[in-house]
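Please read the structure below before turning to the comments.
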Amino acid sequence: MSEFFLKSILSIFLIFLTLSAMFTMFEVFGRTEKKFNIEKLKKIHRINGWLYALLYLVIAYLCLDFIVNTRAELSPRGAFHSVFALTIIILLLLKVSFIRIYKQFYNQAKTIGLLIALITFGMAGTSAGYYLIVTKFGTELFPMQKAVAEKMTVKNKIIVRTDPESIEKGKEIYDSKCYFCHDPHSAEWIVGPGHKNIMKNPMLPVSKRPATPENIMELIINPYRDMPSFSYMSEDEILNLIAYLNTL
């Protein structure tokens, strides 16, 4: 299971917790004639809140861990998602402070709770919702990845470049995009496997596919497991990167 799919599934549970919190809040404060035991509803709401906070922290950790390890640049959609996530943290802190400390603002806590719920839908929709829809629940690649992969499908055997200029350009690409997760000078794992002798070994370290330039290009575009996709790279950049990998 990829990390993206795992985060999406966890986000679905977060939505369920959000809906549960809204239901209990509406039943406690929104009805003049109560249909359920109010004390039980309040208890459920509190437990629901703790579970929401815990699950939120788990998802946030997975997101931050991915960003730190890959140094990935946020897309516009990712930026909106991050703003939603940060807003939720601020609102949660405000709500807790209004309930526990500044009790004269207790009535505002209800409005803040509703805002948290609505922003949670936006946060999950811009990440999990988008991912699950465009990948058909994780069974397909993103459309952009498909288009690039089709465009760059290797029909003929790749001739590995050996000129110093290509190797130097490949090293620059490696240092900017790969070095954070892979060690080029050993086979030791950092976030991913080390790349020493990667093209001299019979198989690639994770996918266990033959260590050919064609398979390396394919994995750069359509990565295996948790590696981020570099499908936005040009064919020339990938060939230069392969030229450098061939020297390790």
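Here is how the numbers come out for the structure above:
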read-out	value
Residue within the stretch 59-70 that is modelled with pLDDT of 90 or more, assigned to a helix (DSSP H, G or I) and farther than 27 Å from Tyr174 by Cα present	yes
Some residue of the stretch 24-44 being in contact (Cβ under 8 Å) with a residue 40 or more places away in the chain, in a helix (DSSP H, G or I) and out of contact with any Leu (no Cβ under 9 Å at 6 or more places or on another chain)	yes
Single match in Leu91, Leu54 (criterion: exposed (fewer than 15 other Cβ atoms within 10 Å of the Cβ) and aliphatic (A, V, I, L, M))	Leu54
Some residue of the stretch 235-248 being small (Gly, Ala, Ser) and closer than 27 Å to Phe4 by Cβ	no
Residue selected from the stretch 1-53 under the condition in contact with a Phe, Trp or Tyr (Cβ under 8 Å, 6 or more places away or on another chain) and more than 21 Å from Ile116 (Cβ to Cβ), by the criterion modelled with the lowest pLDDT	Glu3
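The values are calculated or read from the model by the stated rules, or taken from the named source; none is laboratory data. On a predicted model such as this, the values are computed, not experimentally measured, just so you know. When we count neighbours, we look across all protein chains shown, and the Cβ atoms used for this are built from the backbone with ideal geometry, even at glycine.
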